[in-house]
Every structure is written in structure tokens, then in C-alpha cells.
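Let me begin by presenting the structure, written as C-alpha cells, before commenting on it.
The values are calculated or read from the model by the stated rules, or taken from the named source; none is laboratory data. As the structure is a prediction and not an experimental result, all values here were calculated from the model. Positions of Cβ are backbone-derived with ideal geometry, glycine not excepted, and every protein chain shown enters the neighbour counts.
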Amino acid sequence: MQSRIFIACVFLGLFCACSALSCRWMEHRFRPYSENSLDLLDMMAKNMTNSTDGENTVPFPDHLYSQASKASAEGKLSFAVHILKEVSALFEEDQSSASWQEVTVENFLNVVNKQADELHSCIGSRGELKKQNTKLHLYFKRMSNEILKKKDHSADAWELIRREVKVCLIKADLLVSSLLPSNQN
């Protein structure tokens, strides 16, 4: 009798460990980290002195987000992790002309990287949206080439990037939040 209970507990434990919805970090820590990353981006804007109103940006590939929002839990997490990793890579570029404080960027990168690592651990090494992730990578590459490089990594260029990144992080937040128990029907 005890061995049957033990086996049942082992299977239940394995099932729960494999489920993306059972990720404790995602359920308890994602929201504060997400809010913190957006607050840090807003702090960067407060230090901005130049105006970039009316400037063209690289529009977010909404069709990829739409596909991701219809994906499995692992697919949604994979897409969100990819956004976070791309944001981190983008903010590794030359920011010497940006008007924000270096410590704010360091804090922002720490938060974004922590989110990416922890969410990635919720899905393991599997990912569903490889083809779309390539397109997502190209979106971030275009931001780097068409905004940062064309404008010589100027403060104006970084402000445009900051705005675009905020949109990306909000979309990642919405995907992950849709998986949280408080948002389930």
C-alpha cells in the first residue's frame, strides 16, 4: 500500500515539475520583476533631455505576438524568454551617448536577465516558436541597424529604443500573465 502511494506521489511530482503552470518563480516573482523592469525604463525616460516625437521606429511584429498568444504555455514562455534575451542583447550596445545613468541600465539588465533565466527554467530547453523566433531576432536586429547604427547610438536613438523596448516588455508581460493562476478562467 505504501509503495503505491509513493509511486503515485512520484508521478504527481513529475507531472507538476514538467508543467509550465507549476513554475513557482513565475507564479510568485514574475510580476514584481516585470513591474521593476518597466519602472527602470521609465526612470531612464526621466533623464532624457532630447525630443524624439514624430520619429519613425521599427514596428513590433504583432503577427508573431498573435501567434504566440495562441500557442501552448511552453510556446508563450519561449516567446517571452526570447524577447527578454533580445532586449538584453540590444542594451549591451554602446550607450555612451544615452542620457540615462549607467547604474539604472545595469539594474535593468539584471532584472531582465533574471526574468529570462527564471522563465527559461520553467520550460527547460524546449521551445516551440523557432521559426517565429528567427523573425523576432530580425526585428531586434532591424532596431539595432535602423535606429541605433544609423543614428550613431545617439541619445535620440536610445530614447526610441527605450520606447520600443517598453512595448516589447509589456507584450512579454501579457503573455506570461495569461498563464498565471489568477488570470485563468
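Listed by first and then second residue, the pairs linking a residue in the range 63-80 that is at negative phi and touching a residue at least 60 places away in the same chain (Cβ under 8 Å) to a residue that is assigned to a helix (DSSP H, G or I) and among the hydroxyl-bearing types (S, T, Y), with Cβ atoms under 9 Å apart and 6 or more places separating them unless they lie on different chains, are L64/Y139; A68/S78; K76/S69; F79/Y65; F79/S69. Taking every residue in the range 108-129 that is assigned to a helix (DSSP H, G or I) and pairing it with any residue that is exposed (fewer than 15 other Cβ atoms within 10 Å of the Cβ) and modelled with pLDDT under 95, at least 6 positions away or on another chain, the pairs with Cβ-Cβ distances below 8 Å are L109/E92; E118/R29.
Among the residues of the range 52-89, write down those that are touching a Leu at 6+ places or on another chain (Cβ under 8 Å), farther than 17 Å from D173 by Cβ and either among the acidic types (D, E) or in a helix (DSSP H, G or I) (or both). Those that are touching a Leu at 6+ places or on another chain (Cβ under 8 Å), farther than 17 Å from D173 by Cβ and either among the acidic types (D, E) or in a helix (DSSP H, G or I) (or both): E55, Q67. Looking at E146, is it closer than 12 Å to I83 by Cβ and among the acidic types (D, E)? So E146 does not fit the description; no. Picking from residues in the range 97-135 that are polar (S, T, N, Q) and farther than 22 Å from V58 by Cβ, the one that is modelled with the lowest pLDDT is S125.
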